[in-house]
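Accompanying notes for the structure given below.
The values are calculated or read from the model by the stated rules, or taken from the named source; none is laboratory data. The structure presented is a predicted model; accordingly, all values stated were derived computationally and were not measured. Note that we place each Cβ from the backbone using ideal geometry, even for glycine, and neighbour counts take in every protein chain shown. The protein model used for the area step is the full one, side chains on, heavy atoms only, and it has no ligands, DNA or RNA in it. Shrake-Rupley method; radii C 1.70, N 1.55, O 1.52, S 1.80 Å.
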Amino acid sequence: LGSSEPLAYQCICQPSAPAMPLDYSKFDNIGDSDSDNARGELDLSGLFPGAASAAGDDDAGSPPESPRVALARAAAGGRTSAPALQAAAEGMEASALATLERFALLAEGIVELVRGEDSLELLALARATAQSALVSGDGGEGAAALLRLIRSLTTGLNAKPKPVTFAKEQAPELIGELLTAACDSADGDTEKCVGVDARQLVELLVVKCRPQEVYTFLLEALCGSDLLPAARVRGVDLLRTTLLAMQDSKRHMFLGSCFPALLKRSLVATISAEFMPTYIDALRNFAVAFVPDMEEDIAETDPATIVMSMVSVFLLKLLPQALPVVAPIEGLELALCGSADADAGCPTTLQGELEPKKVCSPSGIHRPGSASGSSPAKSLRLRRPCGAGSAGDADAALTALCTLARDGAAASSRGLLPLLEEIELGDPTGDGGGDLEISPLCLSLFVLLTEMPLCWHRLQPQVLPVMLSPARRLNVLMRSCYVLVSHTDDAPDVVDLGEACTNTGSGSAGGFAARPRWVHRGLELFGRCAGPMLHLAAAHNKKAFQSLSGPLCRWHPQRTFQALLEALASTGDIEREARGALFCAVRDSMQRFAWPCRFEMYRNIIKKCRVDSIIGAVVTMFKDDWWSIVQAMSPDEDRKDLPEERARLIEILKATLSGDVQIVDGMDTLTASLNIARLVALARAPAGAFLRASLRTGIGAVANAGAIDLDALLRGVSQQIDFELRLLDASPGVGGEGLADLAARAMGEALGRSGEEAAVDLQAMKRDRITMVAHLVARVREVFAAAET
């Protein structure tokens, strides 16, 4: 379009052949309503008889009659005389004016709706009056109007011999305002009457009105965000009473829509700590009220069985919503055991009921102090945010949550142990298949609750059997850890520099306290419970970890350990010391497996993981384990086992040094692999010569189908080094306003720099990393050349 050449435009606009003429006679019967001679326009005169003749007497430019006058014409029987129309309109306006008093008279049955009167307009006026009175909160005219409204509806519903139809139809639509008014506890006499009368009217609704209508408007009010916590608790209780008033044969059909709606819009996060125990108890009582009597065997398709399943799912699916509010956390740390702050109940740690167990385990998560007392003991714990509520409120809410989880497990048609032993690992972040299906996260949080101090006693008898073998208990714990670390937050933090989180927010909906932080909880569960249990299972049964599958190892170790390592590398708000202790725990747990199984895990993580720091750490773990095994071999065993170890070496080097390699992003992996190659080059005979023979091809190489040309792999790495150095030479330096420069400044500020030198020279950092890899490649080549000579 911006071109100065008109040729393309002309070619597009001028058709190559004449267009077919358009026959406008087809549109003769369609007129324009604005034109004087229009034909076929829409004629509404038939709705009101006589309107056309009356309009014909007026001038052409006069405005049409108002809807009120037209309604008056219809109410007057079609009379067309102007005085009659005016009298009818004035009579309707005088008798049916939309006022609160008009609504009250209709609700009491003193007057009736006239023809053409809009009940929706009256209802909207009544709702606006009630909302205005509730918002203002004063005891003046607003409270008096609200009291008049409530008492008129009460009078209409109590009318004999039957309730007033208008009150019976309109009262359920005001259920939200009535619930709020019922919770009013002000000191004024008038407002006290408002609260008492509102509570009486709410109870009367269930008796006098149709349960289906009360259910519809009550569920709409509960799914909104306008109700106060006390009103929401009362609304849940009223919903239970309403559903119980329905017929048994129809109730389960309403429950099928009620449970998912409450799960999606229960708004647990908006409930204050004061009302949280009461609200959780209200939701539990609501669901438990529909548990049928299951003394006899009932078919799976029976409504009672369906209701039982829905109740169990509803209760268990409340755990992901309630637990982050009941026990909010903001990070993971290694804290002193028995410190003064801990004894004083410091709000930055989970003390008392929420304090993790102090388990001294081989994984090193709990570090006992030395004999001299210079190194105090530390334990892994979740850090609670400041201002998260008192310990008493947290204890009461946690007790209510344990009771809810216990009843949810008891209502399940399956036993608790089969449910927990078969937690789905194929789709750990799924919803279980639907709104009323148990998700893996729900079951994992139930396991997390059982491992919290004192919660085990509150969950009885719905707990794992005490005599359960360590291998089966480990299966439940590791499955739960995998599901938890797979649920990353929607807005993950940038991995910090290892310092404690200094955020002191109040825990609002958009703050850290509202975030569930399932990854932190999963890592803490592994370090505190699953890691020590793995060591216990290995000591209990020597054959438990001789295979990566089978009845003793059903929790997919490869997938689980990879998820744990990736969570450690990519999750923020974990102190540096705690991150190192957790890595040691994962490494120690992997070393409990037999060497063939351990190598299989190493190889799969190297091939499937996309995090360079994790791959480099796994390659280093392989080097330590593999070299210790090679050194431990006796001369008689060399010929039998050394070829197998050489094949494993070749496989690791091929997976890390071949293919597309980027030096800057893969420095950890390259460094770990080159260290293995240098170790082999420096190894002494006879194992060293045998291993080096498979790392070169050509003249002097041993005939081996699995041998690799290490020199060719190193040449490829060297070429990539030269290419990336040339890119750095061609790229601009520091001082611009691009994203890289902004990131450099942010990194410098995180390191404590300020002023003009705050920005970190990212180009120099990249060059240093590449240069270090280049020196290591040159050193490996030099050592191999010396070994061959």
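Measure off, as a whole percent, the carbon and sulfur share of the 1.4 Å-probe accessible area of the stretch 559-619, all protein chains present. Working shown, then result.
On the way: 1000 of 2090 Å².
So the carbon and sulfur contribution to the accessible surface is 48 percent.
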- Given a Förster distance of 22 Å, the FRET efficiency implied by the Cβ-Cβ spacing of GLU121 and GLU220, rounded to the nearest 0.05, works out to 0.65
- Keeping all protein chains in position, work out how much accessible area ARG715 exposes to a 1.4 Å probe, and write it in Å² to the nearest 10. 110 Å²
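How would you order 278-286, 523-531, 323-331 from highest to lowest mean count of nearby Cβ atoms within 10 Å? It would help to have the intermediate numbers written out before the result.
Values: 278-286: 21.3, 523-531: 27.7, 323-331: 23.3.
Result, highest mean Cβ count within 10 Å first: 523-531, 323-331, 278-286.
Please tell me which of these pairs span more than 29 angstrom C-alpha to C-alpha: LYS543/LYS654; LYS317/LYS607; LYS168/LYS250; LYS608/LYS766; LYS378/LYS607; LYS542/LYS623?
Working: LYS543/LYS654 32 Å; LYS317/LYS607 36 Å; LYS168/LYS250 22 Å; LYS608/LYS766 26 Å; LYS378/LYS607 36 Å; LYS542/LYS623 25 Å.
Going by Cα-Cα distance, LYS543/LYS654; LYS317/LYS607; LYS378/LYS607 fall outside the 29 Å limit.
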- PRE zone check, label point 7 Å out along Cα-to-Cβ of LYS543, amide N under 20 Å, scope the stretch 598-623, hits 598
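Taking 0.36 nm per residue of sequence separation and subtracting the Cα-Cα distance, how much length would be gained by fully extending the chain between ALA594 and ASN285, in nm to one decimal? Spell out each step's value before the answer.
Numbers: separation 309, 0.36 × 309 = 111.24 nm, distance 5.03 nm.
Residue separation times 0.36 nm, minus the Cα-Cα distance, leaves 106.2 nm.
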- Taking the Cβ-Cβ separation of ASP302 and MET772 as r and a Förster radius of 60 Å, what is the calculated FRET efficiency to the nearest 0.05? 0.30
- Query: At ASP237 and ASP665, where each label point lies 7 Å from the Cα along Cα→Cβ, what is the point-to-point distance in nanometres?
  - Reply: 5.9 nm
- Listed peptides 147-153, 480-486, 444-450 by packing density, highest first (mean Cβ within 10 Å): 480-486, 444-450, 147-153
- Task: Mind giving me the nanometre distance, one decimal, between the label points for LEU682 and TRP456, set 7 Å out from Cα along Cα→Cβ?
- Result: 4.8 nm
- Spacing of the two label points (7 Å from each Cα toward its C-beta) at ASN675 and ARG576, in nm: 1.8 nm
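At a 1.4 Å probe radius, carbon and sulfur cover how many percent of the accessible area of the stretch 173-293?
Taking all protein chains in place, the stretch 173-293 shows 51 percent carbon and sulfur surface.
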- Message: Let's test the formula: R0 of 35 Å, r as the Cβ-Cβ distance of ASP395 and SER249. What FRET efficiency results, to the nearest 0.05?
- Response: 0.25
- How much accessible surface area, in Å² rounded to 10, belongs to the heavy atoms of MET765 with a 1.4 Å probe? 80 Å²
